[in-house]
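What follows is calculated from the coordinates using simple rules that are stated; it is not laboratory data. Note that the structure is a prediction, hence the values are computed from the model and not measured. Cβ sites come from the backbone with ideal geometry, for glycine too, and all protein chains shown count toward neighbours.
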Amino acid sequence: MKSLVLMSCLLLALPGLVFGETHKDVQAALDYELRENTCSKPKIITADTAVNPPVQAAGSAPFFVGSSTAVVSNVDSYTRRRQERKESRWRSCVARYKTDLLNDMEELKSSARHGITREQANTILTNMAMIQQVYMTPDGVLEQEEVAGNSEELND
């Protein structure tokens, strides 16, 4: 019985050993490159200058009294809502990008079911670590220095 199981395992592994070909899913996992994040972060509109409260005549009643009149923003409500909509669209774009990254990670994990070598596993795990680093960032973008430093650490 043991010899039958051993022979069946060898028969299943023989085509891969003889021809030295890797499964297309494994090859795709080995050749994986991180998706480009096409979400552009909106520019933040700042009210860097304060507008003085309206000037009153010398003998008039103090209509503009209170703490809120000392600093009046020059950004109107339309501009604020527009900025909020842009930021909302950006956040949903980043969420979709991160969902796609998770799907890529699942595909990389599932490629191991076709049988991989230790070197292939290391390459796939490196790709998965890169996906995880990007996923953990708030905006889905790694800094260039950070990417270069981490790839050197992973290769050591």
Hey, what do the phi angles of segment 99-112 turn into as Karplus ³J(HN,Hα) couplings, whole Hz, using 6.51/-1.76/1.60 and θ = phi - 60°, x for Gly and Pro?
5, 4, 5, 5, 5, 4, 5, 5, 5, 5, 5, 6, 5, 5
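Cβ under 13 Å from Thr123's Cβ, Thr123 left aside: what net charge do those residues give with Lys, Arg +1 and Asp, Glu -1? Let's see the in-between values first.
Details: positive: Arg118; negative: Asp31, Glu33, Glu119.
Its environment carries a net charge of -2.
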Tyr97: net charge of surrounding residues, Cβ under 14 Å, Lys/Arg +1, Asp/Glu -1, itself excluded?
+2
Order these by the 10 Å Cβ neighbour count, fewest first: Val75, Val134.
Val75, Val134
Just want the ordering: Tyr135, Tyr32, from fewest to most Cβ atoms lying within 10 Å of their own Cβ.
Tyr135, Tyr32
